[in-house]
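Structure first, commentary second.
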Amino acid sequence: MPNEEMLLIPGPTPVVDSIYDAMAQETRGHTDPRFAAIYKSAIEKTREMLKTDGEVFVISGSGTIAMEMALVNTVAAGERLLIISQGFFGDRFQHLAKAFGIQADIIQSEWGKQVDPAAVEEKLASHSYKAVTITHADTSTGVAADLDTLVPIIKKQGALVILDGVCATAAMEEDMSKSYGEGKIDVVLTGSQKAIGVPPGLAVVAFNGTALAAREQMEQVPAYYCDIYNWIPIMHDPQKYFATPPVNLIYAYDEGMKLVLAEGMDNRCKRHEAYGKAVRAALAEYGMKAIAEEKAAAATLSCILYPEGMDDAEFRASLAKKGVIVAGAGHMGNTTENMLEKAIVLIGETMNELGFEADIQKAADKFRELALPVA
Ligand SMILES: Cc1ncc(COP(=O)(O)O)c(C=O)c1O
């Protein structure tokens, strides 16, 4: 089923034919061994992508369920959580903490910038935090967190690191086996609809041994659906039942993960990095300025400010008539160089039609110069 429109928003992202085909397979019972084998394989592929020997959860839900699952199984009511936020989705952890009686402190970065590591260090020295959340790529600003700086600072204080990878997992390095000084990333959470390139509907969470030990210390958690203890038996043996899995989405996810592993995470990270640089440089030729400083820009996102006088609704509606859907710009998952180059050209055409100057040739040349060729 070919897509009629180019979906260049920060998720859902374009779905390729093989994923649609996988999704269109016959719906089987969730305990059917043929389905269970696919579910098991999807879980194992996730484990391979994140390089974890802990527990992996692939369940119905969106990224927000994944955030909730990560939090309620690690931090108890009354315990302290530190939130490192670079925008709207970082701030969301505050709402979650409030809902579960967790005492949250937040360090918000300046708009478009990363948080100051010294502020994180200072905060961690002032209280004993059970966990720290980091939004790997905040969708509202396009700012990526500097894991190489932040994770060692946090692990030195012994807090758990919970990484929100909703706009990053499968496109930016999230290696749970990597040592960052005195520890590793303990929990990674994401959704199916972003850089994995699968339709929305799945929450994906991975816990390492340290995070699982934190769950063990909590006798009960204020959750039923999100209690990892209800899901561990199913993740080990998907023929068992806890709550009905979205059978067809799991088919799609398994295919999506197959594509991720076939490309390889190193190649995938390089490809996204190149696309991000190329898209932002091309848009800059049109007078569009990225909110994020380039050194802090996420590979998957280009959140931009329009040239003076350009109306967002009018621009997006005109571009949509040409089949390109944008909201900021998301370029992740199974987007291709050809797709993005075409979008750059159509954005220029739309601007010209709306009376703004846009040198399409120059922008397209810039894009091609920086984007890696697709094999
Ligand atoms: C960084 C980040 N975290 C969490 C979420 C929430 O995910 P969902 O909308 O799938 O619940 C989003 C959604 O865009 C996001 O971008």
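Below, the figures for the structure above:
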| read-out | value |
| --- | --- |
| Average Cα contact separation per residue, the chain, under 8 Å, 6 or more apart, as relative contact order % | 25 |
| Loop sites in region 215-299: GluC sites (Glu not before Pro), DSSP, at most 11 other Cβ within 10 Å | Glu219 |
| Charge sum, other residues only, whose C-beta stays under 12 Å from Ala214's C-beta, Lys/Arg counted +1 and Asp/Glu -1 | -1 |
| Potential lengthening between Glu48 and Lys289 on full extension [0.36 nm per residue; Cα-Cα distance subtracted] | 83.1 nm |
| Positive-pole candidate from Pro307, Tyr241, Ile360, dipole of the chain, charges at beta carbon | Tyr241 |
| The chain: angle of helix 88-99 to the longest principal axis, Cα-based, in degrees nearest 10 | 30 |
| Calculated [θ] (222 nm, deg cm²/dmol) that DSSP helices of n ≥ 4 give over the chain, each run adding -39,500 (n - 2.57) | -13500 deg cm²/dmol |
| 13 Å cut-off, amide nitrogen to a point 7 angstrom out along Ile9 Cα→Cβ, residues in region 185-218 | 194, 200 |
| Cα centroid of region 220-288 to Cα centroid of region 1-47, whole Å | 11 |
| Cα centre as origin, Lys/Arg/Asp/Glu Cβ charges: region 78-161 dipole, Debye | 300 |
| Within the chain, longest stretch clear of exposed chymotrypsin sites (Phe, Trp or Tyr not before Pro) (DSSP loop, no more than 12 other Cβ within 10 Å) | 242-375 |
| Global form of region 1-97, assessed from the alpha-carbon gyration tensor, a/c cut-off 1.5 | oblate |
| Residue-count net charge about Gly183 - beta-carbon cut-off 11 Å; Lys, Arg +1, Asp, Glu -1 | +2 |
| Accessible solvent surface per residue of the chain, calculated while the other protein chains remain in place, 1.4 angstrom probe, Å² | 41 |
| Three-way shape call for region 17-262 based on the alpha-carbon gyration tensor, with the a/c threshold at 1.5 | prolate |
| Rounded Å value of the spacing that divides the Cα centres of region 150-182 and region 318-375 | 33 |
| Net +/- balance of residues flanking Glu294 in space, Cβ distance below 11 Å, scoring K and R +1, D and E -1 | +3 |
| Nearest-20 debye value, the chain charge dipole, Cβ charges on Lys, Arg, Asp, Glu | 540 |
| Spin-label proximity, Glu26 to region 219-251 - amide N less than 20 Å from point 7 Å beyond Cα toward beta carbon | 239, 245-251 |
| Cross-link partners of Lys123 among lysines (Cα-Cα below 29 Å; sequence separation of 8 or more within a chain) | Lys98, Lys113, Lys155, Lys156, Lys178, Lys184, Lys295 |
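The values are calculated or read from the model by the stated rules, or taken from the named source; none is laboratory data. Not measured: the values here are computed from a predicted model. Every residue, glycine as well, gets a Cβ built from its backbone with ideal geometry; the counts of neighbours run over all protein chains shown. Accessible surface is based on the protein model in full, side chains and every heavy atom, while ligands, DNA and RNA are left aside. Shrake-Rupley method; radii C 1.70, N 1.55, O 1.52, S 1.80 Å.
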